[in-house]
Amino acid sequence: MSKGKIVDEVHQIRKASIQEIIDEMFGGSRYTFAVETDTNYDLIGHWFKDNKKISDGTVYRLEIALSLYPGYIDRMPPPTGMWVKRLKNSKEKININIIRDVLVRGVLKQKENQGVLGRWDVEKKKGDEFIEFASSKENTYGFKIHGEKIRPFAKHGDFIVANTKKIPKPGDDVVVYLKDRADLILAELRYIEGDDICLGSITGEEGVITIQKDTVDVIHCITSVVKRGNAYKIDDEVTIPHIDSKKERRRSETIPDLDDLG
């Protein structure tokens, strides 16, 4: 079989799979499929009307967005032991997690002679730097960790990812921004009672501190740690297929009312 025929067969398989996904998951609506998977609507029309080839990168991105195992759209058998989302007769609401470019705000350096609950200075970086992270909404940002103060939670050079909209609850790891201060605190939120906010060590060590609500500007949840070596500049040549380096990068920050945290 010639290479051209193989490519055409692969395209026909991908087109049929995507049409099935549109029918089963999105009630036949290409528009809804486009919105939920962050895909250009006109491009979908070209796949079906103009027989435009569906690239490997597009397939990879769609499988991530739809929580499908790698190879699903090419109708390959699922990897052994991997959970597979069932399409047919599924009434479960789909949570779309798109790989996004998360802005790294700066480098966190803990002040000298501070314990595990000490304050951290934020050193701004020259130029925008990003890490990739799967998120359903554009409400995340990152910090790069400098030093070994919070091992094993994060190592030197790792990145923490914080969410601006998730309401912190006891037991969550958090970034605490203080009023009228340029530094911040990384900690585990123990409890909020009245005007008191109790914070514990992010590494699980003993010891707590209590601060007053009126000294706190905002608290953001830490949702993940991304290993070092995964950052890139916006002008870097990005070879990862699911990254659109030309996508407009906008970040919105919603500051929760501290009275709602307790």
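Considering segment 191-208, and only residues there that are closer than 14 Å to D173 by Cβ and either part of a loop (DSSP other than H, G, I, E, B) or of a type in the set (F, W, Y) (or both), the residue that is farthest from the chain's Cα centre (by Cα) turns out to be E205. Hey, does segment 201-224 have a residue that's over 21 Å from N139 (Cβ atoms), at pLDDT below 90, touching an Asp or Glu at 6+ places or on another chain (Cβ under 7 Å) and surrounded by fewer than 17 Cβ atoms within 10 Å (Cβ to Cβ)? For segment 201-224, residues over 21 Å from N139 (Cβ atoms), at pLDDT below 90, touching an Asp or Glu at 6+ places or on another chain (Cβ under 7 Å) and surrounded by fewer than 17 Cβ atoms within 10 Å (Cβ to Cβ): absent.
If you check A182 against the conditions, is it small (G, A, S), out of contact with any Phe, Trp or Tyr (no Cβ under 7 Å at 6 or more places or on another chain) and within 23 Å of I167 (Cβ to Cβ)? Walk me through it before giving the result.
Working: small (G, A, S): yes; out of contact with any Phe, Trp or Tyr (no Cβ under 7 Å at 6 or more places or on another chain): yes; within 23 Å of I167 (Cβ to Cβ): no.
Here the answer is no, as A182 does not meet what is asked.
Do we have G171 as under 21 Å from I211 (Cβ atoms), modelled with pLDDT of 80 or more and in the same structural domain as D196 (by TED's automatic domain parsing) here? Answer is yes for this residue.
The values are calculated or read from the model by the stated rules, or taken from the named source; none is laboratory data. Every value quoted in this text rests on a predicted model; they were computed, and no experiment measured them. Don't worry about glycine lacking a Cβ; one is built from the backbone with ideal geometry, like all the others, and counts go over all protein chains shown.
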